Amino acid sequence: MNIIAILLPEHVFYKAEPVRELAQALTDQGYHIVYPSGSQDLLTLLEQNPRIAGIIFDWEQYGMDLCLAINEINEYLPLYAFISTHSVLDVSANDMRMALYFFEYGLNAAADISQRIRQYTAEYIDAIMPPLTKALFHYVEEGKYTFCTPGHMAGTAYQKSPVGSLFYDFFGGNTLKADVSISVTELGSLLDHTSSHLEAEEYIARTFGAEQSYMVTNGTSTSNKIVGMYASPAGSTVLIDRNCHKSLAHLLLMSDVVPIYLTPSRNAYGILGGIPQRQFSRACIAQKVAATPQASWPVHAVITNSTYDGLLYNTQYIKQTLAVPSIHFDSAWVPYTNFHPIYRGKSDMSGERTPDKVIFETQSTHKLLAAFSQASIIHIKGDYDELTFNEAYMMHTTTSPHYGIVASIEMAAAMVRGKPGRRLIQRSIERALHFRKEVYRLLQESEGWFFDIWQPEIIEDAVCWPVEPGAPWHGFRDADADHMYLDPIKVTILTPGMDETGEMASEGIPASLVAKFLNERGVVVEKTGPYNLLFLFSIGIDKTKAMSLLRGLTEFKRAYDLNLRVRNMLPDLYAEDPDFYRHMRIQDLAQGIHGLIRQQHLPQLMLNTFAVLPEMKMTPYAAFQQQVRGNVETVELSQMVGRISANMLLPYSPGVPVVMPGEMITEGSRAVLDFLLMLCSIGQHYPGFETDIHGAELTDDGRYWVRVLK
Ligand SMILES: *Cc1c(COP(=O)(O)O)cnc(C)c1O
């Protein structure tokens, strides 16, 4: 970080010459000097170049206006104002809180001033660096010799081996040097929450508006288990979002608790609409408790906020209404909601404490912020027992955490702080909004068909759009007012073939075809539904990526309209079964799959599937214990009616468990099986379109097998 921008003063010798001398002195010190042509040029430069570490300018010419404008971009950046003896200094106490330093024009002062600029640059870096990362960098720079793990010893071991050297060169020295042992006492300990690790936790808690935060190095999968183990003793009853991540299903296998499910609504596209408001009421919970053997009043609840498709809850309502002492929001997908006003009231840590309740939030720092994979945080607001919680934490935490991951959690927090952080989020919202408008424009302008976007009719401003009761766009029949909101950065593209009521058109383009086409062009789709594709506009998405997605969509349309051969349009798919696809054209393939979906009434099937849950014959915990005892056998998927499932069955997509361990599909819940069989049948007819069902095994003959209890 060594770029200094100089706004050259008007050309009078007494100003120009000292600045020229200073530029020379700074260059000699290793700074890179750039000269924007005016204040607007400077501001744009600044927005696009986060490595700029200081601005030199003429106070008389630019003054406080420029400072305020820069402050909007980065309030920490050092500003060096040059004044002459007759300059007026009208600086208020408020302005003095900026990193604003004054120097006088004068010859032969450059050496001294450049020295001070170096010091202020160091202070700037120190101010924006979070505590643990700072300590880790410092430790690595010191280059101590250790005689402890990890065995590669700051990378030295790799460099003694030919193949190891390749590994070293790829990852680079600092990655390996920063992989230090927990025995290094200077950095404190993740497990004991000491020294710079404790400072990092406090820093993260302050940043995210939590009372306490815990850094977790094995993903939100682990964070969810930690919270669950702490919050629900054996024998207790837990309310769980049926739209839960599989880590929560695993929690139910580990912990001897009785689950009661909150069931989210869904629309014909298969998009989850969130849990309707009435399900949070006492009456509704009491009814479920009464209907479930062994159940008692729940001690803990888990809600996925946001849903996979980007619907956020009004969290205030849930916190106030839900009559359980402990509420866990699984916010793996939305670690950024605390940093932009459009998410106010929808983030879990927002607002004051909720009387008599403790609120937990888990988030995958790595999913939509910038952190290494596995980076995750648990936030807490409310009273809890720190020592007991830490037992649950340690139970699931490695004693050899990767410090690179830990530092990246803290770094993600540092990046979203202040105005630079807000701008980062703002830009991803703007980019998504722009993309939405572009697709809409192309739809209006296109001849014949084009892709549509799942969003309200009018999307002028960047806001979270409410899923209002009765509004036609969303397709949810039971939407509640002020309850769910669509996050603009989660973009669902719709392909032709089905409308929001589930009405199927005579022709259609299943989304899986588009996903394959994009994938073969290096654009990877986050999630594919029958006629929808989900794209995440996270902070790493820049204009070029958004453009290549748009180009991919228009290219698909062109190739589809020309009715190209599958062989030319989807070579990877063709390679899966050249005989089958030899003469096939893209429109035949699309209509073939669309026909299968239509024939089996997919929208209705999907609604029915999630309308009636399979019957819980025993808790997931008890079912897993049976499995561990070997009391299971394998049957074909189609034969599982009347049998107790040993596994969780979870088709991708929608990626939500349809059968939990210990549950039985009965005649009443047969739709679940029909739905799974329908998904399987597409793969049986069209090679390359096999559905991935977690918990079921696909054999070479195209049959799916599941494990049931004997
Ligand atoms: C991805 C995900 C998790 C698990 O997070 P990891 O960081 O991948 O372990 C938990 N909950 C939800 C809702 C998720 O989408």
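The values are calculated or read from the model by the stated rules, or taken from the named source; none is laboratory data. None of these values were measured; they are calculated from a predicted model. Positions of Cβ are backbone-derived with ideal geometry, glycine not excepted, and every protein chain shown enters the neighbour counts. Only protein heavy atoms, including side chains, enter the accessible area calculation; ligands, DNA and RNA are left aside. Shrake-Rupley method; radii C 1.70, N 1.55, O 1.52, S 1.80 Å.
Tell me the accessible surface of Y101 in square angstrom (1.4 angstrom probe, heavy atoms of protein chains only), to the nearest ten.
50
So which trypsin sites (Lys or Arg not before Pro) in region 281-370 end up in coil per DSSP with only 15 or fewer other C-beta atoms within 10 Å?
Listed in order of number, the matching sites are R344, R353.
Work the Kirkwood hydrodynamic radius out for region 185-416: mean of 1/r over every pair of different alpha-carbon atoms, inverted, in Å.
17.8
Please give the residues of region 387-426, grouped as numeric ranges, whose backbone N is less than 20 Å from a label point set 7 Å along the Cα-to-Cβ vector of T175.
Counting only backbone N, you get 401-412.
Under a no-solvent Debye model with one identical scatterer per Cα of region 551-603, what's log10 I(q)/I(0) at q = 0.26 Å⁻¹?
One equal scatterer on each Cα of region 551-603 leads to -0.98.
Send over the per residue convex hull volume for region 478-630, Cα only, as a whole number of Å³.
Expressed per residue, the convex hull around the Cα atoms of region 478-630 is 216 Å³.
Assuming 0.36 nm per residue, please report the length gained on full extension of the stretch Q29 to S548 beyond their Cα-Cα distance.
Values: separation 519, 0.36 × 519 = 186.84 nm, distance 4.14 nm.
Length gained between Q29 and S548: 182.7 nm.
Suppose we take every Cα in region 3-128 and form the convex hull; what volume per residue is that in Å³?
Numbers: hull volume 12.5 nm³, N = 126.
Measuring per residue, one finds 99 Å³ for the Cα hull of region 3-128.
Which of V88, N108, S39 sits closest to the plus end of the dipole of region 29-108, meaning its Cα is farthest towards the positive end, when Lys and Arg get +1 and Asp and Glu get -1 on the C-beta?
Going by the charge dipole, the pick is N108.
Report Rg (one decimal) and Dmax (nearest whole number) for region 68-133, counting Cα atoms only, units Å.
Expressed in Å, the Cα Rg and Dmax of region 68-133 come to 13.8, 46.
Please give every one of the lysines within straight-line cross-link reach of K437, meaning a C-alpha to C-alpha distance under 19 Å, and leave out same-chain neighbours fewer than 8 residues apart.
K490, K543, K545, K557
Quick one: dipole size for the chain, taken about the Cα centre, charges +1 on Lys/Arg Cβ and -1 on Asp/Glu Cβ, in debye to the nearest 20.
For the chain, the charge dipole is close to 1320 debye.
What are the semi-axes of the equivalent ellipsoid for region 612-709, taken as the square roots of 5 times the Cα gyration tensor eigenvalues, largest first, in whole Å?
Working from the Cα gyration tensor, I get semi-axes of 22, 14, 11 Å.
Under the Kirkwood approximation for Rh and a Cα-based Rg, what ratio Rg/Rh is obtained for region 7-61?
When Rh is taken as the Kirkwood radius, the ratio is 0.97.
Taking every alpha carbon pair in region 174-271, what does the distance histogram look like in 5 angstrom bins from 0, in percent?
Taking every Cα pair in region 174-271, the percentages come to 3, 10, 14, 16, 14, 14, 12, 7, 5, 3, 1, 0.
For region 581-594, just list the computed ³J(HN,Hα) in residue order, Karplus coefficients 6.51, -1.76 and 1.60, θ = phi - 60°, integers in Hz, with x standing in for Gly and Pro.
Listing the rounded values in order: 8, 3, 9, 6, 9, 4, 5, 5, 4, 4, 5, x, 5, 4 Hz.
Please state, as a whole number in µm²/s, the translational diffusion coefficient that the Stokes-Einstein equation yields for region 426-518 at 37 °C and 0.692 mPa s, with Rh defined as the Kirkwood radius across alpha carbon pairs. Mind dumping the intermediate values first?
Working: Rh = 14.6 Å.
Calculated translational D: 225 µm²/s.
What is the calculated FRET efficiency for Y317 to N108, with r their C-beta to C-beta distance and R₀ = 60 Å, to the nearest 0.05?
0.35
Hey, what do the phi angles of region 303-314 turn into as Karplus ³J(HN,Hα) couplings, whole Hz, using 6.51/-1.76/1.60 and θ = phi - 60°, x for Gly and Pro?
10, 7, 9, 8, 5, 3, 7, x, 9, 9, 8, 6
Out of residues 5 or more away from Q212 or on other chains, whose amide H comes under 5 Å of its own, with H placed 1.01 Å from N in the peptide plane?
Correct list: I380.
Once the whole set of protein chains is in place, how much accessible area is left on V524, using a 1.4 Å probe, in Å² to the nearest 10?
110
If I model a spin label at A505 and N608 as a point 7 Å from the Cα along the Cα→Cβ vector, what separation in nanometres do I get?
Distance between the two pseudo-spin positions: 2.6 nm.
Rounded to the nearest 0.05, what FRET efficiency do S37 and R116 give with R0 = 22 Å and r taken as the Cβ-Cβ distance? Could you check?
0.25
Compute the Rg to Rh ratio over the chain from the alpha carbon atoms, using the Kirkwood formula for Rh, and round to two decimal places.
That ratio is 1.01, to two decimals.
If DNA, RNA and ligands are ignored and the probe is 1.4 Å, what is the ranking of D461, D385, D179 by accessible area, most exposed first?
D461, D385, D179
Where nothing but the Cβ of Lys and Arg (+1) and of Asp and Glu (-1) is charged, how large is the charge dipole of region 422-597 around its Cα centre, in debye to the nearest 20?
Numbers: 21 positive and 27 negative charges, 186 e Å.
Value, rounded to 20: 900 debye.
Let me know the Rg and Dmax you get for region 121-218 when you use only its Cα atoms, in Å.
Every Cα atom of region 121-218 included, Rg and Dmax give 15.7, 49 Å.
What residues of region 4-25 lie in the reach of a label at N49, counting those whose backbone N is under 11 Å from a point 7 Å from the Cα along Cα→Cβ?
From region 4-25, the list is 4-7.
What distance in nm separates the simple spin-label points at K710 and S296, each placed 7 Å from Cα in the Cβ direction?
The two pseudo-label positions are separated by 3.4 nm.
Measuring from label point to label point, each 7 Å out along Cα→Cβ, what is the E460 to A283 span in nm?
Result: 4.0 nm between the two label points.
Name the long-range amide H neighbours of G274: under 5 Å, sequence gap of 5 or more, or other chain; modelled H, no Pro or chain starts.
Close amide H contacts, sequence-distant or interchain: S265.
Mind checking which lysines have their C-alpha under 20 Å from K225, skipping anything on the same chain fewer than 8 residues away?
The reachable lysines, counting only those whose Cα sits under 20 Å from K225, are K246, K357, K367, K381.
Which order do peptides 103-112, 126-135, 150-159 fall in by mean Cβ count within 10 Å, highest first? Write out the running numbers ahead of the final one.
Numbers: 103-112: 14.3, 126-135: 18.3, 150-159: 16.2.
Result, highest mean first: 126-135, 150-159, 103-112.
If packing is taken as the average number of other Cβ atoms within 10 Å across a peptide's residues, how do 601-609, 51-59 rank, most packed first?
Highest mean packing first, the order is 51-59, 601-609.
How many percent of the accessible area of the chain is carbon or sulfur, using a 1.4 Å probe?
Looking at the chain in its full context, I get 52 percent from C and S.
Along the positive direction of the dipole of the chain (beta-carbon charges: Lys, Arg +1; Asp, Glu -1; about the Cα centre), which of S181, Y403, M640 reaches farthest?
Checking the options against the dipole of the chain, the answer is M640.
Can you pull the accessible area of M254 for me, 1.4 Å probe, Å² to the nearest 10?
90
Tabulate in residue order the Karplus-calculated ³J(HN,Hα) for region 373-381, using 6.51 cos²θ - 1.76 cosθ + 1.60 with θ = phi - 60°, rounded to whole Hz; enter x for Gly and Pro.
For region 373-381, the Karplus curve yields 3, 5, 5, 8, 10, 10, 10, 9, 9 Hz.
Quick one: if the Förster radius is 51 Å, what FRET efficiency do E142 and L442 give, using the C-beta to C-beta distance and rounding to 0.05?
Numbers: r = 56 Å, r/R0 = 1.10.
E(calc), rounded to 0.05, equals 0.35.
Any idea what Rg and Dmax come out to for region 234-293 if you just take the C-alpha atoms, in Å?
When restricted to the Cα atoms of region 234-293, Rg and Dmax are 12.7, 38 Å.
Over the chain, average the accessible area per residue using a 1.4 Å probe and give it in Å², no decimals.
Value for the chain: 43 Å² per residue.
Go through F137, F13 and list them by solvent-accessible area, largest first, probe radius 1.4 Å.
The residues order as F13, F137, largest area first.
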